[in-house]
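Notes follow the structure.
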Amino acid sequence: MGFPAGYKCAFLRDGFSPACLFQIAEELRLSLPNIFLDHRLLAAWAFKYDQRMLGINIHADPAVINVNFWITPDEANLDPSNGGLVVWDTAAPEDWSYADYNINVARMKRFIASSGAKAKRFAHRQNLAVIFNSSLSHKTDTLNFKSGYENR
């Protein structure tokens with residue numbers, strides 16, 4: 001599926017279902033029972049960005065736990081200090097609607113600024129996984145990757 005910003009995305013609900021995804025989900029659940037408890041994989045997606053793109057803007061997700069991981073080789077990233085994920089330490093307000101925390105970027109930015117939330121940057125690393133509370137605001141970090149299909 002294409003998005004207006006130009007990136008490609010595949011969703012579990014639309015048929016994205018590689019066997020390794022379910023294996024990873026089950027191994028995480030069994031290996032980290034204090035985090036995943038009885039939670040099962042209900043939603044998953046994969047993004048592919050052009051090297052000149054901005055990535056996904058600030059948002060939160062309607063889930064309990066997020067697991068973000070990257071498979072692009074480290075050599076593809078021209079700036080090893082970024083290219084991964086930025087996560088703020090403040091959750092979106094519980095009374096906000098899905099549109100407020102997942103689509104209304106301006107409102108999310110105002111909320112983060114007014115709350116004094118602190119950002120944590122997780123630079124891109126191949127096979128790095130970042131596991132966090134889905135209600136925390138997050139966005140794709142600055143992208144600066146080599147050109148070529150295999151570097152997306």
Discussion item. Yes or no: the range 26-48 includes at least one residue that is in contact with a Lys or Arg (Cβ under 8 Å, 6 or more places away or on another chain) and closer than 20 Å to Asn151 by Cβ.
Written reply: yes
Practice prompt. Tell me which residues, restricted to the range 113-129, are buried (at least 16 other Cβ atoms within 10 Å of the Cβ) and assigned to a strand (DSSP E or B).
Written response: Phe122
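Considering the range 90-107 alone, what residues qualify as being aliphatic (A, V, I, L, M) and closer than 21 Å to Val67 by Cα?
Initial filter on the range 90-107 (aliphatic (A, V, I, L, M)): 91-92, 99, 103, 105-106.
Within the range 90-107, Ala91, Ala92, Ile103 meet the criteria.
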Discussion item. Yes or no: the range 86-93 includes at least one residue that is without any contact (Cβ under 8 Å) to a residue 24 or more places away in the chain and either farther than 26 Å from Gln23 by Cα or not polar (S, T, N, Q) (or both).
Written reply: yes
Discussion item. Among the residues in the range 109-122, are any under 13 Å from Pro62 (Cα atoms) and either modelled with pLDDT of 95 or more or within 16 Å of the chain's Cα centre (by Cα) (or both)?
Written reply: no
Discussion item. Looking at (1) over 19 Å from Ile131 (Cβ atoms); (2) aliphatic (A, V, I, L, M); (3) out of contact with any strand residue (DSSP E or B) (no Cβ under 7 Å at 6 or more places or on another chain); (4) surrounded by 14 or more Cβ atoms within 10 Å (Cβ to Cβ), which one does Ile24 not meet, given that it meets all the others?
Written reply: (1)
Worksheet, complete the sentence: Wholly inside the range 1-104, helices (runs of 4 or more DSSP H) that include 2 or more residues that are of a type in the set (A, V, I, L, M, F, W, C) are 19-31, 33-36
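The values are calculated or read from the model by the stated rules, or taken from the named source; none is laboratory data. Just so it is clear, the structure is predicted and the values come from calculations on it, not from any experiment. In this analysis, Cβ positions are derived from the backbone assuming ideal geometry, glycine residues included, and neighbour counts consider all displayed protein chains.
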